[in-house]
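Have a look at the structure that comes next, please.
The values are calculated or read from the model by the stated rules, or taken from the named source; none is laboratory data. Predicted model, so just to flag it, every value in this text is computed and none were measured. Cβ coordinates were reconstructed from backbone atoms using ideal geometry, including for glycine residues, and neighbour counts include every protein chain displayed. These area figures cover heavy atoms from the full protein model, side chains too; ligands, DNA and RNA do not enter into them. Shrake-Rupley method; radii C 1.70, N 1.55, O 1.52, S 1.80 Å.
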Amino acid sequence: MLTDILAAYDAVKTAWTAESVARLKTAYSQPVPADISVFVQEFPAALRIAMMQHDRTSEMFPLLDRFARAKNENGLDQREIDLASLLSLLQQSFIHSAGQCLAAEQALELVEAVLPVFQQATSWAIKLEMETYFSYMAQELAQANLTLEQLDRSKSDFIAIAAHELKTPLTLIEGYSSMLRDHLPPGASEPALLLDGVNTGSKRLRQIVDDMIDVSLIDNCLLSLHFQPIWLERLLRDIQHEFHSIVLQRRQTLEVLPFPGSQEMTFGDPERLAQAFRNLVANAVKYTPDGGSIRIDGRKLPGFVELLVQDTGIGIQPEHHTRIFEKFGRLGDAALHSSSKVAFKGGGPGLGLPIAKGIITAHGGAIWVESECRDEQRCPGSVFHVLLPLRKTPPDDRSARLFHPLTGLEGKSENQR
Ligand code: ADP
């Protein structure tokens, strides 16, 4: 029985290969690629062996495998035909050639024997091609990730270099303008006014340079914190005091509400935490119209405090809630950029939130924003959430030794307990 079928198969083979080649030539606008021609020549022999075996994997599948993998190496778009379509073309030309070369009954018998092998080969081919596709995409994605990482690194290197290069001339400007001020004759009010302008400009530039340095420290995990006992309410009251005249100028209100946990002692870096909250409050002032209100509230959670910096400002689109924490993630038109720290929608270089995030994360906390949308007419407002661990003991050994009379833990840090 099998010998009859194999004999019929051999009788069809030459005509089948010729027809397959002819069909491929019409399917292709250009000459048929060499690997496809080789596959078409080798496939009939592999299929013949597969027909004789119960397990059809030995001959046919390595051939399919080689073909599919070569495609991955050459890139996905280089072939006009995929393996499953090629098998379908071969199957159609086989059925046609069998009809041409054999009597109807014999042809039917042969096709019946061959079709299951084609089916198996096709499902194997689809599986292979999916695997190939995914592994190709994974490679492409890994490459794209690498490029992005390199770009981010260059950006970070650029910030560090630019900040350090700007520092030297800035120090010169500050030094010479202070010398000039010392040499002004009494009553020279006009030059004093001009020097005030230089002073304001260089102060703002110094803030930007310092922010650039902080961002590059955060990027390179070099931000070092000096932990000491702090009381959040006191820290927030200092910020409220700092912003007093600005808030008055903008006819806004800035409230700091006491909340459970805000009066407890915890360990943190007061300078850095103040910097983070200063950035949040400065943004709340900037993105809230005149007459609006800003409120700092919070609550105690097990082991943490959650602080909320809420404003009645223009709000932030949900799709930007992550982007604003990335460096230079400022929103809006860069051409509308203003250098003012407090003017409505004053803008800035887009470093305030990444710095706040870096400081909060370095404390073992988290920061995120909640805002319905951006709407300058309706002003839905924004709420910045800051989660900070409540630390009864200092996290590092240095501050544990320094502050042990306060903690009563004989100088033991979190690590040693
Ligand atoms: P910038 O220097 O531009 O203020 P930030 O990193 O502080 O940079 O903030 C990034 C962007 O996030 C801002 O450009 C602004 O569009 C948006 N943003 C930050 N805080 C608020 C807020 N309270 N209300 C509305 N938008 C805000």
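Taking K and R as +1 and D and E as -1, what net charge do the other residues with C-beta under 11 Å from the C-beta of Ala366 add up to? Please report the intermediate quantities before stating the final value.
Details: positive: Lys357; negative: Glu306.
Counting the neighbours of Ala366, the net charge comes to 0.
OK, next. Roughly what angle does helix 83-101 make with the longest principal axis of the chain, taking Cα atoms, 0 to 90 degrees, to the nearest 10?
The answer is roughly 10 degrees.
Sticking with this structure for a sec: Which FRET efficiency, nearest 0.05, do Arg204 and Lys392 yield, Cβ-Cβ r, R0 56 Å?
Details: r = 40 Å, r/R0 = 0.71.
For R0 = 56 Å, the calculated efficiency reads 0.90.
I would also like to ask the following. Between rounded, prolate and oblate, where does the range 114-227 land on the alpha carbon gyration tensor, with a ≥ b ≥ c its root eigenvalues, rounded for a/c under 1.5, else prolate if a/b exceeds b/c? Mind showing how you got there, number by number?
Values: a/c = 6.91, a/b = 4.78, b/c = 1.45.
Prolate shape, in that a/c is at least 1.5 and a/b is the bigger ratio.
Here is a follow-up. Counting pairs of Cα atoms in the chain, how many percent are more than 32 Å apart?
Counting pairs separated by more than 32 Å, the tail of P(r) holds 60 percent.
List, in order, the whole-Hz ³J(HN,Hα) value for each residue of the range 251-260 obtained from phi through the Karplus relation with A = 6.51, B = -1.76, C = 1.60 and θ = phi - 60°; use x for Gly and Pro.
Result, rounded to whole Hz: 6, 9, 10, 10, 9, 10, 8, x, 9, x.
How large is the direction-averaged shadow of the alpha-carbon convex hull of the range 247-360, in nm²?
Working: hull surface 31.1 nm².
The Cα convex hull of the range 247-360, projected and averaged over all directions, gives 7.8 nm².
Using only the Cα atoms, work out Rg/Rh for the range 196-270, with Rh taken as the Kirkwood radius, to two decimals.
Details: Rg = 16.4 Å, Rh = 15.3 Å.
A ratio of 1.07.
Further question: What 222 nm value per residue comes from the helices of the chain, counting each DSSP H run with n ≥ 4 as -39,500 (n - 2.57) and dividing by all residues, nearest 500 deg cm²/dmol? Intermediate values should be presented prior to the final figure.
On the way: 12 runs with 247 residues, N = 417.
Computed mean residue ellipticity for the chain: -20500 deg cm²/dmol.
With a 1.4 Å probe and all protein chains kept in place, how do Arg391, Arg153 rank by accessible area, largest first?
Numbers: Arg391 35, Arg153 115 Å².
Sorted descending by solvent-accessible area, the residues read Arg153, Arg391.
OK, next. According to a simple spin-label model (label point 7 Å from Cα along Cα-to-Cβ), what is the distance in nm between Trp231 and Ile173?
4.1
Percent antiparallel among DSSP beta bridges with both residues in the chain, to the nearest 5? Working shown, then result.
Values: 25 of 29 bridges.
For the chain, the DSSP antiparallel bridge percentage is about 85.
Using only Cα atoms, tell me the angle between helix 232-242 and the longest principal axis of the chain; keep it within 0 to 90° and round to the nearest 10.
70
Moving on to the next point. Report Trp368's accessible area, 1.4 Å probe, all protein chains in place, as a number in Å² to the nearest 10.
Its heavy atoms expose roughly 100 Å² to the probe.
Determine by what factor the alpha-carbon radius of gyration of the range 186-227 differs from 2.2 N^0.38 Å, reporting the quotient. It would help to have the intermediate numbers written out before the result.
On the way: Rg = 16.9 Å, N = 42, 2.2 N^0.38 = 9.1 Å.
It is 1.86.
A further question on this structure: Label points 7 Å out from Cα along the Cβ direction at Thr14 and Val383: separation in nm?
8.4
Give me the dipole magnitude in Debye, nearest 20, for the range 288-401 about the Cα centre, with unit charges on the beta carbon: positive for Lys and Arg, negative for Asp and Glu. Don't skip to the answer; put the middle values down first.
Details: 15 positive and 13 negative charges, 107 e Å.
Using only the charged Cβ atoms, the result is roughly 520 debye.
Specify the angular offset, from 0 to 90 degrees and rounded to the nearest 10, of the alpha carbon long axis of helix 57-74 from the longest principal axis of the alpha carbons in the chain.
40
Specify the inter-centroid distance of the range 376-391 and the range 1-35, based on alpha-carbon positions, in whole Å.
Value for the Cα centre distance between the two parts: 70 Å.
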